[in-house]
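Below is one structure, written out as structure tokens; comments come after it.
The values are calculated or read from the model by the stated rules, or taken from the named source; none is laboratory data. Values in this document were obtained by computation on a predicted structure and should not be read as measured data. Every residue, glycine among them, receives a Cβ derived from its backbone with ideal geometry; neighbour counts consider all protein chains shown. Heads up: the accessible areas ignore ligands, DNA and RNA and are worked out on the full protein's heavy atoms, side chains in. Shrake-Rupley method; radii C 1.70, N 1.55, O 1.52, S 1.80 Å.
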Amino acid sequence: MSSKKIVVIPGDGIGPEVTAAAQEILDLAARKAGLALEYTTRLAGGAAIDARGVPLPDETLAAAKTADAVLLGAVGGPKWDSVAPDIRPEKAILGLRKALGLYANLRPVKVSAALAAYSPLKPEIVAGTDILIVRELTGGIYFGPKCESETVDGAERAWDTEVYSVPEVARIVRMACQAAKGRRGKVTSVDKANVLASSRLWRRVATATAQEAGVDIAHMYVDNCAMQLVLGPKTFDVIVTGNLFGDILSDEAAVVAGSIGLLPSASIGDGPGLYEPIHGSAPDIAGQGIANPVGTVLSAAMLLRHSLKAEAPAAAIEQAVDAVLAAGYRTADLYRPGLTKVSTEEMAKLIIKQL
Ligand code: NAD
């Protein structure tokens with residue numbers, strides 16, 4: 001059997017620590033499932049600026065394009081805050097998204113009973129939450145025509161434009177429906193169809209696409225969705241929405257979970273996918289061996305599920321993480337008296353033992 005090519009981009013700050021832990025766990029889970037993985041490590045972000053003068057060197061991009069999937073830690077840090085705007089570390093992620101055609105961002109938010117206490121919401125409201133937010137990533141108002149400044153009737157103004165085409169909406173809703181079939185089968189499409197023409201097209205296409213896919217779809221205005229995420233997060237299964245609404249709602253949902261170090265993400269297109277934790281490079285704790293690796297470990301599980309179509313090892317990693325957290329082991333960010341404090345490496349070893 002041919003092996004799958006994984007490009008690992010540790011990046012900056014805690015990136016190298018959390019990707020090292022995740023790679024070890026990914027490798028074990030894959031091997032146990034009879035899947036051979038071949039790794040190439042490449043630079044991006046501040047580390048690449050230091051070594052090559054650019055945040056996304058050609059050799060990193062070339063490796064990513066020919067890989068089956070990319071696992072990334074995080075990029076950036078105070079050291080590179082004053083570099084020229086066109087070579088800022090985050091340009092590496094934007095460049096990868098663009099070059100790999102990553103049009104869908106998947107952000108799962110799961111709150112087990114053991115973690116409910118970390119949420120700012122009451123435990124009985126959040127325990128059992130299991131949402132997958134599917135955000136359109138390459139269209140909408142972030143990429144529509146814009147004007148930084150013009151003067152009309154003596155007043156300066158600026159504008160942006162929300163544009164969505166039928167194929168753009170159909171492909172992201174199809175992806176949400178496919179994901180829902182492997183979950184509880186319920187898609188909520190979020191828009192602002194009472195005000196926006198682009199949302200009315202979105203709603204029409206979403207309805208037709210879900211019907212074709214044979215999946216239940218409900219529609220919700222974005223303002224109501226923002227409230228429902230706080231009032232009853234357990235009522236959602238898959239949420240699908242455009243770029244702007246998805247950007248805001250996915251961060252709101254992450255806060256509902258209450259633990260930035262635990263949450264994974266996937267950015268997917270028609271080629272290799274990009275998998276990374278939702279947190280940044282945490283320069284305040286970098287190099288101390290105390291970072292929480294779980295967000296990156298769960299990103300590796302998403303890599304197995306979405307890019308390698310290997311559900312069994314993906315689920316095995318998720319169950320191992322759940323078991324270790326349920327047993328009371330915590331890295332420093334989530335430690336509370338009565339629990340057991342562990343380092344990044346110890347957390348990885350516990351997950352490996354569980355696997
Ligand atoms: P951050 O997510 O790096 O850190 C916020 C807080 O959460 C810090 O106190 C940090 O110590 C803590 N934290 C984050 N991840 C953790 C983990 N795995 N374990 C334990 N604690 C963790 O956000 P920030 O401080 O706003 O940004 C720091 C740098 O990261 C900036 O340069 C920013 O541009 C960059 N950043 C990168 C990405 C990315 O690579 N995708 C995303 C966000 C921010």
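Here are some notes:
- Checking the Cα-Cα distances for Lys4/Lys349; Lys5/Lys234; Lys5/Lys146 against a 31 Å cut-off, the pairs over it are Lys5/Lys234; Lys5/Lys146.
- Dividing the summed helix terms, -39500 (n - 2.57) for each DSSP H run of n ≥ 4, by the number of residues in the chain produces a 222 nm estimate of -12000 deg cm²/dmol to the nearest 500.
- 3J(HN,Hα) from dihedral phi, the stretch 114-122, Karplus parametrisation 6.51/-1.76/1.60, rounded to Hz, x for glycine, proline: 5, 10, 4, 5, 7, 6, x, 8, 5
- Put simply, the amide H of Ile239, placed in the peptide plane, has neighbours under 5 Å in Leu132, Ile133, Val134, Thr188, leaving out anything fewer than 5 places away on its chain.
- Global geometry of the stretch 104-215, whether rounded, prolate or oblate, following the gyration tensor of its Cα atoms and the 1.5 cut on a/c: oblate
- Distance between the stretch 18-84 and the stretch 194-254 - C-alpha centres, whole angstrom: 32
- Karplus-derived 3J(HN,Hα), 6.51/-1.76/1.60, for each residue of the stretch 47-62, Hz, glycine and proline x: 4, 6, 4, 4, 8, 10, x, 9, x, 10, x, 4, 5, 6, 5, 5
- Mean Cα-pair separation over length for the stretch 120-257, i.e. relative contact order, pairs under 8 Å, 6 or more apart, %: 38
- For the chain, share of DSSP beta bridges that run antiparallel, in % to the nearest 5: 40
- These residues, Met175, Met347, go from largest to smallest accessible area, 1.4 Å probe, as Met175, Met347.
- Among 131-139, 143-151, the order from most to least packed when residues are scored by Cβ within 10 Å on average: 131-139, 143-151
- Lys186 versus Arg52: modelled label distance in nm, points set 7 Å from Cα along the beta carbon direction: 4.6
- Ordered by 1.4 Å accessible area with all protein chains kept, Ile9, Ile285, Ile49 run largest first as Ile285, Ile49, Ile9.
- Accessible surface of the chain, 1.4 Å probe, proportion on carbon and sulfur as whole %: 55
- The stretch 234-332 - accessible surface per residue (Å², probe 1.4 Å): 30
- In sequence order, the stretch 165-171 has phi-based couplings of 9, 4, x, 4, 5, 4, 5 Hz under the Karplus curve 6.51 cos²θ - 1.76 cosθ + 1.60, θ = phi - 60°, and Gly or Pro positions carry x.
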